[in-house]
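These notes concern the structure reproduced below.
Values quoted throughout were computed directly from the atomic coordinates according to the rules given, and no laboratory measurement underlies them. Given the structure is predicted, the values throughout are model-derived calculations rather than measurements. Cβ placement follows ideal geometry from the backbone for every residue including glycine, while neighbour counts extend to all protein chains displayed.
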C-alpha cells in the first residue's frame, strides 16, 4: 500500500481545482473494504447560484464517464 494522504491534503487539492477554474465543481467519495474512508466536495451546483455541491449531488454522466463508472464498479465487485 502507498503512503497515506490526509483528509486536509485531499480537501486542499479539490478546493484548489475548483478555485483555479480547472473544474466547475467536484464531489468525491472513496471507499475501502471497511466502508467509506473519504467524502468531500467543492464548488457550486450551477453558475450564478449559491447552492453548494455535496457528496449527494447527482452527477451528469456523459458517455466517457459511464465507461469509467462501469469499470470502477466491475473492479470493486471483482475484489469482493
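Starting from the Cα of residue 20, step 7 Å along the direction of its Cβ; do the same at residue 46; then give the gap between the two resulting points in nm.
Between residue 20 and residue 46, the simple spin-label model gives 2.9 nm.
Provide 14, 44 in ascending order of the number of other Cβ atoms located within 10 Å of each residue's Cβ, fewest first.
Ascending Cβ contact count within 10 Å gives the list 44, 14.
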